[in-house]
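A short write-up of the structure that comes next.
The values are calculated or read from the model by the stated rules, or taken from the named source; none is laboratory data. Remember, it's a predicted structure, so these values are computed and weren't measured experimentally. Using ideal geometry, Cβ is built from the backbone for each residue, glycine included, and neighbour counts are taken over all protein chains shown.
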Amino acid sequence: MNRRPLLALPALLLATPAAAQTPTRPLPALSEADRAVLGRIEAYFNSMTTLRARFLQIAQGGAAAEGTAWIWRPGRMRFEYDPPEPTLLIAADGQFFHYDRQLKQPTIVPLSSTPLSVLLRNPLRLSGDLTVAGFERAGGLLRVTVHRTNQAAEGQIQLILEEQPMALRQWVVLDPQGRSTRVTLTQVQLGERFDPFLFAFNDPRFREELEQQR
């Protein structure tokens, strides 16, 4: 496995607007059966409170990293990468916090500007201010690609779920330049109770903890 540091990680996960929006192919009309499945996907996410899993992340050039992910819907997420990858990603309070322990450098962007915010919406509705740009059912898997309506230049996220029983297994973030980041989940645990401090990057004590890790 290629263990190069994920130097392009911020660009891949925190997609920034492209200079010009690439036209997207119109999605064929969804059947009633397809719309029913999309409704089941919405119901699956809207019934989810917490998820903890191991993840394998593979970037466009093959760089890979592993770690532990915590998702606490609505609005909170933490990606703790295994050493030697120095990255910490946290979503909370409408912000996305990226911290490079090696460079000792934090970056904060609005959560709504990142494709990953789709995972944290409550309720999740695959319509309105979200546009379904692709939908596929094959081999027992569901693949639904979405972006913010009228904001396709921010990038897209493709959610990959097992259909029976419904379970999130993977997602792919596609940035405006066409670069992709694939995240695969294993050892998934639902419904656990989390310590809110895991997501408290605005808490001074959290910054002190990061200082101690330097």
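Observations on the structure shown:
- Filter pass, residue 188 being crowded, with 17+ Cβ neighbours inside 10 Å and within 16 Å of the chain's Cα centre (by Cα): no
- So residue 35, is it within 21 Å of residue 168 (Cβ to Cβ) and of a type in the set (Lys, Arg): yes
- For beta carbons closer than 6 Å, sequence separation of 6+ or different chains, a first residue in segment 17-44 that is farther than 23 Å from residue 166 by Cβ and a second that is modelled with pLDDT under 80 and assigned to a loop (DSSP other than H, G, I, E, B), the qualifying pairs are 18/176.
- Top-ranked residue of segment 175-185 - restricted to ones that are surrounded by fewer than 18 Cβ atoms within 10 Å (Cβ to Cβ) and outside any strand (DSSP E or B), ranked as modelled with the highest pLDDT: 179
- Within segment 38-49, the set of residues being hydrophobic (A, V, I, L, M, F, W, C), out of contact with any Phe, Trp or Tyr (no Cβ under 8 Å at 6 or more places or on another chain) and not in a loop (DSSP other than H, G, I, E, B) comprises 41, 43, 45.
- Some residue of segment 4-16 being of a type in the set (Val, Ile, Thr) and either over 28 Å from residue 197 (Cα atoms) or modelled with pLDDT under 95 (or both): yes
- Residue count, segment 37-57 (criterion: surrounded by fewer than 14 Cβ atoms within 10 Å (Cβ to Cβ) and of a type in the set (S, T, N, Q)): 1
- Residue match in segment 121-128 (condition: in contact (Cβ under 8 Å) with a residue 24 or more places away in the chain, in contact with a Lys or Arg (Cβ under 6 Å, 6 or more places away or on another chain) and not small (Gly, Ala, Ser)): yes
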